[in-house]
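A.B. asks: Mind looking over this structure? Questions follow.
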Amino acid sequence: MNESWDTQLATLGAFIRSRRKLADLSLRQLADMTKLSNPYLSQIERGLHQPSVRVIQLISDALNVSAETLLAQAGLIRQEAGTDTGQPPVPAVEAAIHGEERLSQEQKNALIIIFHGMLQAE
């Protein structure tokens, strides 16, 4: 693997670890939720193994984040506002709102409008 790919895997692993800890889950609990082995998840978190799309989906479901958010955090995909359009990347708050599956699209849009309004008020 090249150095850039290693960095992306390490970033993905660190993001997964931080979300797991934020959810107050042990590695063993996440392994139980995803039906993946403890050592395999540990390797992913340390950036030593490239997870498949199926594994990313299992992890994202267990951590209640979208698979797109996981991939974007690793720099593997662009979020909705890309650098090609000259717009800045989507802020982490917007990414979190988009990734929240319990909200309807209407609720997500309302939260993003409120978020932008608060930023403009500063």
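Coordinate-derived values only; no laboratory data. Please read these numbers as outputs of a predicted model, since none were measured by experiment. With ideal geometry, Cβ positions are generated from the backbone for all residues, glycine too; neighbour counts draw on all protein chains shown.
A.B. asks: Under 13 Å from the Cβ of Phe15, count the other residues' Cβ atoms, weight Lys and Arg +1, Asp and Glu -1, and hand me the total.
C.D. replies: Its environment carries a net charge of +3.
A.B. asks: Right, something else. Over the Cα atoms of segment 1-77, each weighted equally, I'd like the Debye log10 I(q)/I(0) at q = 0.24 Å⁻¹, rounded to two decimals.
C.D. replies: Debye output, listed in q order: -1.13.
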